[in-house]
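Everything on this sheet refers to the single structure shown next.
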Amino acid sequence: MNSFYIYENWRATDKCVIHFADCRYCNFGKGTERGTKGEENGRWHGKFNSYKETLEFSISLGRKKVAPCKVCNPNII
Ligand SMILES: [Zn+2]
């Protein structure tokens, strides 16, 4: 079963993006490791075992927007 991660971003845009763990932008919560400066721009949360659980946690973080990643589409199972 696939697992999920959230990237919480408060610098570029005030939002959370949900990824599959094996998405190339997520890389099991490590990100691309390019153009990122530690936790200056945001941070990873995870892992989570269901999309529903991930979505609920995303909402609890209180960012303006919660969106599924457009590359890995974790909301489509
Ligand atoms: Zn993704």
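The values are calculated or read from the model by the stated rules, or taken from the named source; none is laboratory data. Bear in mind the structure is a predicted one, so any value in this text is a computation, not a measurement. Cβ: placed from backbone, ideal geometry, glycine included. Neighbour counts: every protein chain shown. Ligands, DNA and RNA are excluded from the accessible area calculation, which covers all protein heavy atoms including side chains. Shrake-Rupley method; radii C 1.70, N 1.55, O 1.52, S 1.80 Å.
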For region 17-23, in residue order, the Karplus 3J(HN,Hα) values (coefficients 6.51, -1.76, 1.60; θ = phi - 60°; whole Hz; Gly and Pro = x) are 10, 9, 10, 5, 4, 8, 4
Considering only protein heavy atoms, what is the solvent-accessible area of residue 56 at a probe of 1.4 Å, reported in Å² to the nearest 10? 100 Å²
Cβ-placed point charges (K, R +1; D, E -1), dipole of the chain about Cα centre in debye, nearest 20: 220 debye
Would you mind calculating the relative contact order of the chain from Cα pairs under 8 angstrom and at least 6 residues apart, reporting the percent as a whole number? 40 percent
Once 6, 59 are ranked on solvent-accessible area with the largest value leading and a 1.4 Å probe, the list reads 59, 6
With a 1.4 Å probe and all protein chains left in place, how much accessible area per residue does the chain have, in Å²? 66 Å²
Using a 1.4 angstrom probe on the protein heavy atoms only, could you order 57, 4 from most to least accessible area? 57, 4
In what sequence, largest accessible area first, do 11, 63 appear using a 1.4 Å probe? 11, 63
